[in-house]
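I have placed the structure first, in the form of structure tokens, so that the comments after it can refer back to it.
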Amino acid sequence: MPKSSDSDHKKTTVSAPERREELLAIAAQVFAAQGYNATTVRKIADAAGMLAGSLYYHFDSKESMLDEILSGFLDELWARYDAVLGAGLGPRETLEALVTESFREIDRHLDAVAIYQKESKHLGTQPHFAYLVESQQKFEKAWLGTLERGVAAKVFRPDLDVRLTYRFVRDTVWVAASWYRPGGRHSPEEIARQYLSMVLEGIALHDS
């Protein structure tokens, strides 16, 4: 009787959806470390301890794996952002919640965030990944709108350049993916609190 392969054994002990999620997590690690163009299906299969042919049982291409990784991350991010934006919070509270949810997503999807930061610019030119451009536009609108609302409500300084502030906050938050490690000394919520303390001291309107 022929021996079963490692991938066959996995299929009998782990459900197909669970195995699929495991493989996506492994693929995300490889994409984040080596880049999309340099990553081959064989490299992902090697990292997963299976034959390249067995990987095609779950996915038809590396592009489809990347698509699931990025769309899954963005779907979850927007579910949380939309909940914040629809909660009827004031502009300062909205900004605080958006920053906090951003750090939580970095914690949950560190590799996907790294891939997005490295690859989204050129991937967005491909029809299959057009949603990356749409998400970026929606992201900018949400953050700029919150800052503009804060200025209008006299919660943030009247001389605030909202576009410059948006870029500053966006970059200082999301660049954390380059150094953040899940399970480290500080929780996502604690890091968000520290960031917000520094940012809001500079943009919050203080009573004279």
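The values are calculated or read from the model by the stated rules, or taken from the named source; none is laboratory data. Note that the structure is a prediction, hence the values are computed from the model and not measured. No Cβ is skipped: glycine too gets one built from the backbone with ideal geometry, and neighbour counts run over all protein chains shown. When the accessible area is computed, the model is the full protein with side chains, heavy atoms only, and any ligands, DNA or RNA have been set aside. Shrake-Rupley method; radii C 1.70, N 1.55, O 1.52, S 1.80 Å.
Just a few scattered comments:
- The accessible area of K62, taken with all protein chains in place and a 1.4 Å probe, comes to roughly 40 Å².
- Alpha-carbon centroids, segment 135-198 and segment 30-70: separation in whole Å: 33
- Here the ratio of the Cα radius of gyration of segment 134-181 to 2.2 N^0.38 Å is 1.29.
- With the cut-off at under 16 Å, measuring from each backbone N in segment 53-74 to a point 7 Å along the Cα-to-Cβ line of Q34 picks out 53-56, 61-66.
- Convex hull volume of the Cα atoms of segment 59-190, normalised per residue: 117 Å³.
- Average Cα contact separation per residue, the chain, under 8 Å, 6 or more apart, as relative contact order %: 21
- Selection from H186, I115, T172, by position along the positive dipole direction of segment 111-208 (Cβ): I115
- Placing L123, L164 in order of accessible area, with the largest value first and a 1.4 Å probe, yields L164, L123.
- Amide proton proximity set for F156, modelled H, under 5 Å, gap of 5+: V151, L205
- Taking Cβ atoms as reference points and 11 Å as the exclusive limit, the residues near F129 contribute a net charge of -3, counting Lys and Arg as +1 and Asp and Glu as -1.
- Heavy-atom accessible area per residue - segment 1-154, 1.4 Å, Å²: 52
- Modelled label positions at E93 and T172, each set 7 Å beyond Cα in the direction of Cβ, lie 2.3 nm from each other.
- Solvent-accessible area of segment 63-201 (1.4 angstrom probe, protein heavy atoms only): carbon and sulfur portion equals 53 percent.
- Residues S102, S61, S197 ordered from highest to lowest accessible area at a 1.4 Å probe: S197, S61, S102.
- Accessible-area value, V162, 1.4 Å probe, nucleic acids and ligands omitted, Å²: 30
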